[in-house]
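What follows is a single structure, written as structure tokens, with notes after it.
The values are calculated or read from the model by the stated rules, or taken from the named source; none is laboratory data. Keep in mind it's a predicted model, so treat the numbers as computed, not measured. FYI the Cβ positions are ideal-geometry reconstructions off the backbone, even for glycines, and counts take in every protein chain you see.
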Amino acid sequence: MQLSKQEYQAWDTVKKSGLEVFRVKDLCLLLGLTKTKAYNVIKALKNKAVIAAAGKQFFALRETDDFVIGQRIHFPSYLSFWSALTYYGLSDQTPQKIFYATTKYTREIPPFMYVTLSRKRFFGYTKIDALVIAEREKALIDSLLLPRYAGGIKEVEKALNTGAQKINFVKLKKYALQVKSKVVIRRLGFLLEQLGYQQEAQSLQKNIGKKGYEVLDPTMKRRNNLNKRWLLDVNG
């Protein structure tokens, strides 16, 4: 479908500006339009399938990747958990929701879900083209911290096993310690041991703490199947 001169100018300007995701006020600033005119241009571009709605008050160029859209409509955020595991090929499942880590709470904006982490745990991400994403190791650590956003412990175990050849175990351990969570260290050590990485698991043993049992998989019921070595209720 052919664009009018003004519609093409709007589309071309947005594309060249690098704003894959934008708001009405962005279009006003870029083109010097009034809100009314900007709304009319956006409506026309939507009708001609050049752009699409992308969450409340946001629009995106049609070719923009969903992973990038979700990241742009809520800042700061990086792709993590199950979505990052899928991106790296560590999971063969494609979750219906797209998961991000953030330090600033916001409600879910379907299909995007933003998981709030403390600022001290908001690290270990990198940029791949336009996408800000957790490194493999941090995606695994985030998933061990909050397995419900990664399909549960079994899915995390599969990801750890699948990606073993590409994972930097020194970095994985470093990130496990950096999030300062005993349960992360316990879960990681247990899984590494189960997968045959005895040396890597052993190096975490002194950091598990001395009291109390945590559940291996918080998405499942307790089983009272206690593992004294890792202080876990192996319920998954």
Candidate set from region 11-24 (those that are more than 11 Å from VAL50 (Cα to Cα) and hydrophobic (A, V, I, L, M, F, W, C)); member that is modelled with the lowest pLDDT: LEU19
Quick test for you: out of GLY89, GLY70, GLY55, pick the one residue that is more than 30 Å from GLY163 (Cα to Cα), within 19 Å of the chain's Cα centre (by Cα) and in contact (Cβ under 8 Å) with a residue 24 or more places away in the chain. GLY55
Within region 1-81, considering only helices (runs of 4 or more DSSP H) that don't extend past its boundaries, which have at least 2 residues that are hydroxyl-bearing (Ser, Thr, Tyr)? 5-17, 35-47
Examine region 68-75 for a residue that is modelled with pLDDT of 95 or more, buried (at least 19 other Cβ atoms within 10 Å of the Cβ) and farther than 27 Å from ASP12 by Cβ, and state whether such a residue exists. no
Residues that are among the hydrophobic types (A, V, I, L, M, F, W, C) and out of contact with any Lys or Arg (no Cβ under 8 Å at 6 or more places or on another chain), drawn from region 102-149: VAL115, LEU117, PHE122, ILE128, ALA130, LEU131, VAL132, ALA134, ALA139, LEU140, ILE141, LEU146
Since ASP233 meets every condition but one in (1) under 26 Å from the mean Cα position of the chain (by Cα); (2) under 16 Å from GLY152 (Cα atoms), which condition does it not meet? (1)
Look at region 1-23 and say how many of its residues are under 12 Å from LEU45 (Cβ atoms) and either touching a residue at least 40 places away in the same chain (Cβ under 8 Å) or not polar (S, T, N, Q) (or both). 11
Counting only helices (runs of 4 or more DSSP H) wholly inside region 107-218, the ones holding at least 3 residues that are assigned by TED's automatic domain parsing to the domain that holds LYS56, of a type in the set (S, T, N, Q) and crowded, with 21+ Cβ neighbours inside 10 Å are none
Among the listed residues THR94, THR34, which satisfies the condition of being surrounded by fewer than 21 Cβ atoms within 10 Å (Cβ to Cβ), outside the structural domain of LEU160 (by TED's automatic domain parsing) and free of Cβ contacts under 8 Å to residues at least 24 places away in the same chain? THR34
